[in-house]
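Trainee: Handing you a structure now.
The values are calculated or read from the model by the stated rules, or taken from the named source; none is laboratory data. As the structure is a prediction and not an experimental result, all values here were calculated from the model. Heads up, the Cβs are rebuilt from the backbone with ideal geometry, glycines too, and the neighbour counts pull from every protein chain shown.
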């Protein structure tokens with residue numbers, strides 16, 4: 001474990017912005033599996049439509065990465081990124 005001086009810790013925290021996907025009323029229940037999968041599909045549809053070099057799809061990547069369990073995102077076929 002790494003310990004940082006108090007002022008450095010707060011400086012780093014002030015630079016980090018934690019966000020998750022916005023509320024989606026298509027998924028009103030607490031089980032977010034379908035929401036995760038939908039955001040994953042939206043990300044890949046965006047890449048197909050706008051191209052692999054487009055930064056416009058990154059928000060969908062952030063959404064599915066924040067919604068989906070870490071174990072899923074770390075699976076190579078699930079976290080496949082076109083770059």
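Trainee: I'd like to check which helices (runs of 4 or more DSSP H) are fully inside the chain and have at least 3 residues that are within 13 Å of the chain's Cα centre (by Cα) and modelled with pLDDT of 70 or more.
Mentor: In the chain, the matching helices (runs of 4 or more DSSP H) lie at 33-50, 58-67, 70-73.
Trainee: Out of the residues in region 33-73 that are over 15 Å from residue 21 (Cα atoms) and in contact (Cβ under 8 Å) with a residue 12 or more places away in the chain, state the one that is surrounded by the most Cβ atoms within 10 Å (Cβ to Cβ).
Mentor: 47
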